[in-house]
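Take a look at the structure below.
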């Protein structure tokens, strides 16, 4: 297809429209009925509602209406043991729910299965999908999450429900937005977040994006802690009291040479204190539960679980190694009152179960996970509970820091949830009546200098406007798929789901770029290999982005002519990416995980034909343009297949990783700092070797103007294209600075010539 149709198709992919529903279940409360109608109008939505507010009947009625609208079955994925509980709720509301384990078990209407059964189903002919307790996705490996997202990608109606959306967790927000096709992870990060420090693993909201982020979030989800958060009456939804009781034991053996045990600071110290006090904590736990009432005991260590289950008569233990049948039957028997004391872990039983019949629980020690603690408490302390809930925390004195950390996270989450709920109050239903991608507005603009032109716009459009056979050199760094994000525009080549989509988009640039380049001249593409991540791919490894790019360029008609490896400092890489394959810890624990640092590459592609304008890089231009001259000594070093970093290069003239325009820009704003600017030393070598003064250098991914700055400084003409307006404005300033530096170089060159005369 032509480029216009390609972009249109890319823009429309993932969009959906809901429908107006009638006959909402009369047993729903008014707020529940309104939320169901809103979610059906959206087509794809999330319900972030606190425990006990009726997410189950809401999602069941939503599923029933989707089935009636599409006449196709709807499939609900739920945590283990929740399926039967949901089926019982369906009976109350007159909605039949079919429990199934594979595709052949599905019936017309509403179906439900466990998340673990995803591989037994295919999405064909499914009208809608529901994720019950959708925040549980964080407990699964990346492969399972990715399978769920891909499974849902062609299902028109989608709903996600959870009580703990964690608005401060960028990963969870991305999981939900990607599942519903509202925004990809790259779009979310590019639009609202910036890297937090010199790392690719930590992100924070941009200073100016706080309000817009929460408005965006509110545009596709309903968030509430109680009905009054959305203007409804709280009758019937007032929670009983919640009492936390701290039960401490001595901290175990003091360290060698100490009289008393010290506060456990490090994770290793905290784990040691937890292990050393198991017997004392189990004994205390046994005494606390000796009242004949129902109890849940939440454990974190297998030893804790095993010992406390053995110590309490009639207690039933659920462990991770148990069969699914044992886990499910034990949880259901506890629900039915057939088990008095249930011993389990929050990551196993902490999601989805309604245990209002129980108002006592114990945390036999605590982890640092606030969400696990919150979900575990909410199994009992939820709307419908009639008694005050008592939560005992049995912990070593030296491990109080862990408890304090969880309480700190709880307070932070409450503030963030308050902020989100506030936006839900102010945003009217009309504001959220349709799925809003918040697609960046596509703008075209241009600024000219004496020897340069900076275009704001899609690089494919800009390239088509350049004269044929006019580019002497193109040098650029395309977006690296899966590594960096720049904008939420679908015209952005980095805004893709995988590297194959990026290559497909890249092809639309490489074809016209070949026509615009002079015969016999070069295109220098800077890139690196990209990583497969366990979070998304289910395993770690490499994607051959370099090889895919070479293949595509050759298919278009370029000659794969040369290649330069650019050395990288592995310690810097380890700090920035937290890659376990580079960490000293892996060297000591399991060196099978180790791999060498990823290098950068300059791939040199050449257009067929003879070069009619010879580039005399090392001969006649010494005084005319001294910065553009390459000495024989330099060529000896540059002709090597590896351009070493400054810390390894002979004569100290290697590529410095910090030699980027971002250094000065970072002082001005942290919100629009370019994520991966190309080193100026790399650009300088490419421009000197493969272009001549006065001719045109082109960068279709101009960014903040690195290629333009260096090209103009070295006496070349320059054209650049940039899609992101904030980068484009920075580029203009940097290119103008290149003009000033070129003028100063000319003055110095004149003085040098005069001195020689």
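Rule-based calculations on the coordinates, nothing more; no lab input. Remember, predicted model here, so these are calculated numbers, not experimental data. Neighbour counts are summed over all protein chains in view; Cβ atoms, including those assigned to glycine, are modelled from backbone coordinates with ideal geometry.
Miscellaneous remarks
- Cβ-derived FRET efficiency at R0 35 Å, residue 150 paired with residue 638, nearest 0.05: 0.20
- Residue 125-residue 228 pseudo-label distance in nm [points 7 Å out on the Cα-to-Cβ vector]: 5.0 nm
- Ranked by how many other beta carbons lie within 10 Å on average, peptides 713-721, 330-338 from highest: 713-721, 330-338
- Part-to-part distance (alpha-carbon centres) for the range 106-135 and the range 36-67, which is given in Å: 15 Å
- Peptide packing for 464-472, 360-368 was compared via the average number of neighbouring C-beta atoms within 10 Å per residue; ordered from the highest value, the list is 360-368, 464-472.
- Rounded, prolate or oblate (a/c below 1.5 giving rounded, otherwise prolate when a/b exceeds b/c) for the range 9-107 by Cα gyration tensor: oblate
- For the range 242-425, the relative contact order is 32 percent, taking Cα pairs closer than 8 Å that sit 6 or more residues apart in sequence and dividing their mean separation by the residue count.
- Take 69-80, 701-712 and order them by the average number of nearby Cβ atoms within 10 Å per residue, most first; the result is 701-712, 69-80.
- For the pair residue 279 and residue 238, the difference between a 0.36 nm per residue extended length and the Cα-Cα distance amounts to 10.9 nm.
- What separates the Cα centres of the range 343-415 and the range 547-582 is a distance of 47 Å.
- Fully extended contour minus Cα-Cα distance, from residue 465 to residue 616, at 0.36 nm per residue: 51.5 nm
- Per-residue extension of 0.36 nm, minus the Cα-Cα distance of residue 313 and residue 6, leaves a gain of 103.8 nm for this segment.
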